[in-house]
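I have placed the structure first, in the form of structure tokens, so that the comments after it can refer back to it.
The values are calculated or read from the model by the stated rules, or taken from the named source; none is laboratory data. Everything numeric here is computed off the predicted structure, so don't read it as measured data. Don't worry about glycine lacking a Cβ; one is built from the backbone with ideal geometry, like all the others, and counts go over all protein chains shown. Heads up: the accessible areas ignore ligands, DNA and RNA and are worked out on the full protein's heavy atoms, side chains in. Shrake-Rupley method; radii C 1.70, N 1.55, O 1.52, S 1.80 Å.
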Amino acid sequence: MDASNIINLGLLLVTAIGVVVAILQAKEARADRIAAEGARDAAKQHEKSALDAATQSASAATRSASALEEANDIARKSLPKDPWTLVQQTKNKYELRNTGEETLWAVSITEPGDSNDITLFQEQPVDQLHPGESLYFDYSKTFASPASTTLLVTWGYPDSSEQRVWRRTLS
């Protein structure tokens with residue numbers, strides 16, 4: 001064997017090794033491509049599942065908020081409304097009007113503590129105060145008066161012995 005055949009045989013061997021390496025790399029690349037496509041498909045499926053779950057969650061939250069708002073409206077409507085409106089007529093004169101739909105019994109206006117800043121224009125307690133009727137009082141502060149006082153209105157209903165109380169701060 002001469003030298004040129006040995007060189008050609010060596011080149012053939014190196015080329016064969018290169019071909020084998022190329023074939024192995026191609027197989028590995030094909031396997032990686034197939035695995036990447038599978039991962040991509042799985043990621044798309046998970047993304048779709050996550051989007052569906054988020055949509056369902058948002059829908060459930062919306063239904064829950066609507067139900068809570070409806071329950072609050074029902075609760076608000078079931079609360080007894082205070083039958084009073086307080087209107088300041090002049091700087092010191094106030095009108096306390098029965099804006100309810102029922103006649104109120106034994107209505108009295110007081111203020112807590114020893115203050116005598118509220119002067120009533122009617123005898124206390126008023127036996128009956130019909131819807132639309134009013135009580136008037138004067139609220140005059142002196143230098144010794146606190147910055148504000150709490151107006152207490154108590155009343156009852158003819159079918160109950162319970163006394164109801166309504167408070168408003170006057171300043």
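Okay, here's what the table says:
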read-out: Hits in the stretch 132-155 (condition: closer than 13 Å to residue 98 by Cβ and not hydrophobic (A, V, I, L, M, F, W, C)); value: 132, 133, 134, 136
read-out: Hey, residue 74 of a type in the set (Val, Ile, Thr) and open to solvent by 80 Å² or more (accessible area, probe 1.4 Å) or not; value: yes
read-out: Test: residue in the stretch 44-51 that is under 30 Å from residue 129 (Cα atoms), out of contact with any Asp or Glu (no Cβ under 8 Å at 6 or more places or on another chain) and open to solvent by 80 Å² or more (accessible area, probe 1.4 Å); value: no
read-out: The one condition in (1) modelled with pLDDT of 90 or more; (2) within 30 Å of residue 140 (Cα to Cα); (3) of a type in the set (Val, Ile, Thr) that residue 34 fails to fulfil; value: (2)
read-out: Long-range neighbours under 6 Å by Cβ, at least six apart or interchain, first residue of a type in the set (A, V, I, L, M) within the stretch 1-27, second part of a helix (DSSP H, G or I); value: none
read-out: Conditions (1) modelled with pLDDT of 90 or more; (2) within 30 Å of residue 152 (Cβ to Cβ); number of the one not met by residue 61; value: (2)
read-out: Pair list, Cβ under 9 Å, 6 or more apart: the stretch 88-103 residue at negative phi, other residue open to solvent by 80 Å² or more (accessible area, probe 1.4 Å) and polar (S, T, N, Q); value: 94/88; 95/88; 95/89
read-out: Residues of the stretch 131-171 satisfying the condition of being open to solvent by less than 40 Å² (accessible area, probe 1.4 Å), under 24 Å from residue 105 (Cβ atoms) and of a type in the set (Gly, Ala, Ser); value: 134, 156
read-out: Selected residue (criterion: most open to solvent (accessible area, probe 1.4 Å)) from residues of the stretch 99-130 that are of a type in the set (Gly, Ala, Ser) and outside any strand (DSSP E or B); value: 113
read-out: Residue list for the stretch 83-98, filter: open to solvent by 70 Å² or more (accessible area, probe 1.4 Å) and not in a strand (DSSP E or B); value: 89, 90, 91
